[in-house]
Each structure stands twice: as structure tokens, then as C-alpha cells.
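What follows is a single structure, written as C-alpha cells, with notes after it.
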Amino acid sequence: MRSVITGALIAITSGLMGAALCNNHAFFKSLTDHPASVSNDQSAGFWITPAVKGYGEIHYERSAAFQPTPDLSNKIVFKVGQAGDNTSLPNPALEKVAQVVNFYVAAGVPTNKLRFVVAVNGGATPAMLDNVHYQKIYGTDNPNLKLISALQSQGVKVSICDQAIAWHHYKKNWIAGSVIHTPSALTTITTLQNRGYAFLEM
């Protein structure tokens, strides 16, 4: 009888742990974003940043399916609404936007054929601050400014939601001068979707 009870307890515990892991989005995201092991035989040039230099590293395979091509509309609106864990590093969602740009350029789509807009709100709002105000709040230089500039140099439009600025109790002139102000990220996204933009939440 004792062995039956023990077996049942083990089965129940295993099931609960399995269910917890299956429902833990953060756990699986960490597995996909940070592989447990990276091959030691990766040669120089395995990871590249062909367009947004120094940001959004990609490994590109020309033989892979569903490649971007210049003849498509190549219109995307990216929603960036989450803060990163480390205020001294660029926002991870902005890095992923850089990855998408790098993939398109690696596939042969010239940057003048890209119609990319980033709609920032929520927890990502501080990433849009100018350096003076970012330093006052976080005690470090804003690490996002160089990335924003690098994205803009490839034709990417980076916008900030004025509702998010108000919610954070910021003033509009605290935002980096190159960032585009919009009434709201939500209406930016819906307006662009109605104009044929694909939507990616980063």
C-alpha cells in the first residue's frame, strides 16, 4: 500500500511541475532567446549585423524558406512596450527590431524599400528619454540613443506615444529630439495596419 501511495504522490508532483513549466512563458522564452549551448566551431562572420551595425546580431542562411524580397510592400509596424531588465543596456525589444532590419537587408532588400515604424509605449517609454533626463532618473547614460540613431539611419521611424509620456509624468521636451511624437501607440498601430502594414509585437 505504501508503494502505491508513494507512486501516486510522485506522479501528481511530476504532473504539477510539468504543468507549471508548460505555462511558464518566461521559462520557455529564456530557452529560445538564450540557447543552453553555442557551438564552438562558429567561424568569424557567423553572427552579423549587416545594416544596423553593432545591434541585432543574426545568423543568416540564404537557402532558408520564406525570404523577404524587394518586390513585397515590406511595411511593418513594431509595438515596443516592455522595459528591459538592465537600464544600462539597450531595450531588448529595440534590439529585436534591429534584428528584423538586419534580416531584410541580408536577404537583399535595400533599406530604401523598407517601411518600418516603431511604436513605443508602456514600460519602454523611458528608452526614448534624452540623455540628460535618463541620467537624472537612472544614473547612467541612455544606452538606447545610439541604437535609435542606428535604426533611423536605415530609414526606421521611431515614435513615442504621448499618452505614455503623460502617464509617466514626463514632459514632451524630455524625449530625444529625433523621436516622432504620436497621439497614442494604439492609434499609430491601427492607422498603419489600415494602410497595409504588418504588425509585430516585440
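The values are calculated or read from the model by the stated rules, or taken from the named source; none is laboratory data. Treat the numbers as computed from the prediction; the structure is a model and nothing was measured. As a convention, Cβ positions derive from the backbone with ideal geometry for all residues, glycine included, and neighbour counts pool all protein chains shown. Surface accessibility is based on the protein's heavy atoms, side chains included, excluding ligands, DNA and RNA. Shrake-Rupley method; radii C 1.70, N 1.55, O 1.52, S 1.80 Å.
Just checking, which of 151, 94, 147, 114 is surrounded by 14 or more Cβ atoms within 10 Å (Cβ to Cβ) and touching an Asp or Glu at 6+ places or on another chain (Cβ under 9 Å)? Break it down into steps so the answer makes sense when it comes.
On the way: 151 fails: touching an Asp or Glu at 6+ places or on another chain (Cβ under 9 Å); 94 fails: touching an Asp or Glu at 6+ places or on another chain (Cβ under 9 Å); 114 fails: touching an Asp or Glu at 6+ places or on another chain (Cβ under 9 Å).
Just one listed residue meets the conditions, 147.
What number of residues within the stretch 121-144 satisfy the criterion of being out of contact with any strand residue (DSSP E or B) (no Cβ under 9 Å at 6 or more places or on another chain) and surrounded by 17 or more Cβ atoms within 10 Å (Cβ to Cβ)?
Of the residues in the stretch 121-144, 3 are out of contact with any strand residue (DSSP E or B) (no Cβ under 9 Å at 6 or more places or on another chain) and surrounded by 17 or more Cβ atoms within 10 Å (Cβ to Cβ).
Residues in the stretch 159-178 that are among the small types (Gly, Ala, Ser) and within 20 Å of the chain's Cα centre (by Cα): how many?
Adding up the residues that qualify gives 4.
Does the stretch 69-83 hold any residues that are open to solvent by 30 Å² or more (accessible area, probe 1.4 Å), part of a loop (DSSP other than H, G, I, E, B) and touching a helix residue (DSSP H, G or I) at 6+ places or on another chain (Cβ under 7 Å), and which are they?
Passing the criteria: 70, 82, 83.
Scan 187, 182 and give me the residue that is modelled with pLDDT of 95 or more, farther than 17 Å from residue 91 by Cα and touching a helix residue (DSSP H, G or I) at 6+ places or on another chain (Cβ under 6 Å).
Being modelled with pLDDT of 95 or more, farther than 17 Å from residue 91 by Cα and touching a helix residue (DSSP H, G or I) at 6+ places or on another chain (Cβ under 6 Å) holds for just one of 187, 182, which is 182.
Determine, yes or no, whether residue 89 is among the aliphatic types (A, V, I, L, M) and open to solvent by 50 Å² or more (accessible area, probe 1.4 Å).
Taking the combined requirement at face value, the residue satisfies it.
Of the residues 45, 56, which is modelled with pLDDT of 95 or more and part of a loop (DSSP other than H, G, I, E, B)?
Sole residue among the options that is modelled with pLDDT of 95 or more and part of a loop (DSSP other than H, G, I, E, B): 56.
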